[in-house]
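Here the structure is laid out as structure tokens; the discussion comes afterwards.
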Amino acid sequence: MLPAQVNRLTVEEAADRYVELVRARTLTGALSPATAEVYARDVATFVRLAGPGRVLDDLTGEDVDAVLLAFARKPDERRRPEDRRTAPGGGVQSPASQARFRRSVSALFRHAAAVGWVHLDPMAASSVTARERGGLRPERRALTKEQAEGLIEAARAPLDPGSEGHSPPPRSTAPAEPGRPRQRRDQRTEVRDALVVLLLATLGPRVSELVRANVEDFYTNDGVRYWRIFGKGGRTRDVPLPDDVARALDAYLAVRPAGEEEKALLLSWRGRRLARGDVQGVIDRVQRLVEPGRRREVTPHGLRHTTATHLLADGTDMDAVRRVLGHSDLSTLGRYRDDLPGELEVAMGSHPLLRRRDGRRPPESADGPG
């Protein structure tokens, strides 16, 4: 049924009211703060692309298509300008980002239709959808074992300053360059970067979970260090740290600078909580220390894929992997499980049903079948 009278709000007015409602839903636990901010960011982008002064009810399916296409061509602002030129697809929005943006706009119009801001939902007449991925983008795929080990070795180097070629550079005592302050002791970030990469590569947290972590979220029980991770939907999970990661945590806490964010685990050299956008820069810095033959660009989400893929490939119980990653359903793991080169050949070459207890394949019967 059509509303008797439409409230002819501008796109900007409708978006402001909608975002206020979305953020209010975090108070009841219906949405996580991180999810609400994604909606808010997408709606703000929609306002810019559609035109803030236009009346929401005047937008047609063609107008929405034009916005979706404009978003698809928009540079991915999470990347540095110099990286966009060499990125797959030229550094524009990925199909996954386009699909997410379309869902955010759809949710806005569903609400608008329900409360009488539009006569009809224009999304029903929209025809633009994100192209099928056809495969994961290179930076979203799991790193191979060799690539992952190269990244982890590079991350651990500052934790073992005695290893050859990995001593941290001496602190400069020379006068600072004009206009540029000399690096202080609390500006050194190698140990923090090591911890970031080790947590991402071995536990696979969401980047939002990583930057929200506080010092008090890490505790010891029966000699085992745990991280209490506050995940999506208000769910928490306690994940044990591998010994090497626990040692990296202790090394970082020993040199962690004091700052404005006393509770935050990961601090910038200015003493502020590390932001989501800073994490990619951390990974890139560590990647530059990896020998070229083992180096491949990867995002924080790609390291989440890496965790899932290698734990499952090593025979870790699927439910244990689900709990490490913080999923409520086993079926979701399929999206994080990437193929590894030669994996099927290895699996079939050592089939568990064809192995004897001594590890040898049973000899074929001389009498043949029957």
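The values are calculated or read from the model by the stated rules, or taken from the named source; none is laboratory data. What you are looking at is a predicted structure, and each value in this text was computed from that prediction instead of being measured. Note: areas computed on protein heavy atoms with side chains; ligands, DNA, RNA excluded. Shrake-Rupley method; radii C 1.70, N 1.55, O 1.52, S 1.80 Å.
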Exercise. Within straight cross-link reach of Lys232, meaning Cα distance under 24 Å, which lysines are found once same-chain residues fewer than 8 apart are removed?
Worked result: Lys263
Exercise. What length, rounded to one decimal in nm, is gained on full extension from Tyr219 through to Lys232, with 0.36 nm per residue of separation minus their alpha-carbon distance?
Worked result: 2.6 nm
Seminar exercise, completed: Karplus-derived 3J(HN,Hα) from phi for the range 303-314 (6.51 cos²θ - 1.76 cosθ + 1.60, θ = phi - 60°), whole Hz, x at Gly and Pro, runs 6, 5, 4, 4, 4, 4, 4, 7, 5, 5, 5, 8
Exercise. Counting only the heavy atoms of the protein chains, how much of Lys74 is accessible to a 1.4 Å probe, in Å² to the nearest 10?
Worked result: 40
Exercise. With every protein chain left in place, what is the accessible area per residue of the range 190-273 in square angstrom, probe 1.4 Å?
Worked result: 46
For this session: Report, largest value first, the span of the C-alpha coordinates of the range 225-331 along each principal axis, in whole Å.
Result: 41, 40, 26
Problem set entry | Solvent-accessible surface (1.4 angstrom probe) belonging to Arg273, in square angstrom, nearest 10 | 70
